[in-house]
Amino acid sequence: MSNQTTDTHVYLFGTCLIDLLYPDAGMASIELLQNAGIQVIFPPAQSCCGQPAFNSGFRSEAREVARKQLDCFPKSYPVVVPSASCAGMMKHHWPELFEGNRDEERAYEIASRVYELTEYLVDRLDYQPVDKGESTTVAIHSSCSALREMGVADRIEKLVGGLQQVTCVEQAYKSECCGFGGTFAVKQPEISGAMVTEKAASIRDTGAERLISQDCGCLMNIGGAFEKQGEGPECQHIAEFLLERSNGS
């Protein structure tokens, strides 16, 4: 791997799902960055980016949650987020949320240095993974936020494509939503369930041994469908997968 950036430090924004349900993805993100020579700062006061309230129309409540996060990133280091969904909220919607507000300038400044994890690895670090793992076959699911909002879905493809012992297979209707959509899955469970059922079937049909994604919400939704249906590949965050391959496990 090579480090083409002058960055020496980054902040890591851990996200709610990683904090509560996928801590290994967060720890793997930290270790990957550290292995690339980056000192990772994890602000202990961080909590939620405010997206659930924002998407539900509670803008003032979302602003108060997001405002507490602004204090977590006082220095001009990049803010790396192992979730395109939360990164999209911080980069694209914090400026909107704080427009005309006393914290507008701070929100814009922090948003300008937010990176989704795979985006940071590829664009800032020129990360070149060394593959020490056994041969395996994977499918990739990129979240809607990675594909449509952040525009970084090709970064995970590049990272996985650089692993010599990994064969990547493509499922039908790859770019379609898995049906999670945060609060959408709660508000429209029947539609969400139908969407993830089709998504799970298309991934199973590839014969992939693992499903890799950059968003834990999608992994939780698709993995839940596999569990309910009684079959399907293992689901894993890209940070865990890259770290595992570089360690030879």
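The values are calculated or read from the model by the stated rules, or taken from the named source; none is laboratory data. Source: prediction; values computed, not measured. No Cβ is skipped: glycine too gets one built from the backbone with ideal geometry, and neighbour counts run over all protein chains shown. For the accessible areas, the whole protein counts, side chains as well, though only heavy atoms, and no ligand, DNA or RNA atoms are used. Shrake-Rupley method; radii C 1.70, N 1.55, O 1.52, S 1.80 Å.
Against the condition open to solvent by 10 Å² or more (accessible area, probe 1.4 Å), assigned to a loop (DSSP other than H, G, I, E, B) and out of contact with any Asp or Glu (no Cβ under 6 Å at 6 or more places or on another chain), how does Glu176 come out, does it pass? When the stated conditions are applied, Glu176 passes them. Residues that are touching a Phe, Trp or Tyr at 6+ places or on another chain (Cβ under 6 Å), open to solvent by less than 60 Å² (accessible area, probe 1.4 Å), outside the structural domain of His141 (by TED's automatic domain parsing) and of a type outside the set (Asp, Glu): does the range 31-42 have at least one? Looking through the range 31-42, at least one residue is touching a Phe, Trp or Tyr at 6+ places or on another chain (Cβ under 6 Å), open to solvent by less than 60 Å² (accessible area, probe 1.4 Å), outside the structural domain of His141 (by TED's automatic domain parsing) and of a type outside the set (Asp, Glu). The residues listed here are Glu244, Glu198, Glu240, Glu190; of these, the one that is modelled with pLDDT of 95 or more, more than 21 Å from the chain's Cα centre (by Cα) and in a helix (DSSP H, G or I) is Glu198.
Table: residues versus (1) within 21 Å of Met89 (Cβ to Cβ); (2) among the charged types (D, E, K, R).
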residue: Leu147; (1), (2): yes, no
residue: Met150; (1), (2): yes, no
residue: Arg155; (1), (2): yes, yes
residue: Leu159; (1), (2): no, no
residue: Val166; (1), (2): no, no
residue: Val169; (1), (2): no, no
residue: Ala172; (1), (2): no, no
residue: Glu176; (1), (2): no, yes
residue: Phe180; (1), (2): yes, no
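Has the range 58-66 got any residue that is closer than 24 Å to Gln34 by Cα and either among the acidic types (Asp, Glu) or assigned by TED's automatic domain parsing to the domain that holds Leu17 (or both)? So far as the range 58-66 goes, no, none of its residues is closer than 24 Å to Gln34 by Cα and either among the acidic types (Asp, Glu) or assigned by TED's automatic domain parsing to the domain that holds Leu17 (or both).
Confirm whether Tyr127 is touching a strand residue (DSSP E or B) at 6+ places or on another chain (Cβ under 6 Å), over 20 Å from Gln51 (Cα atoms) and not aliphatic (A, V, I, L, M). Taking the combined requirement at face value, the residue does not satisfy it. With respect to being open to solvent by less than 10 Å² (accessible area, probe 1.4 Å), within 22 Å of Cys216 (Cα to Cα) and small (Gly, Ala, Ser), Ala153 falls outside the description.
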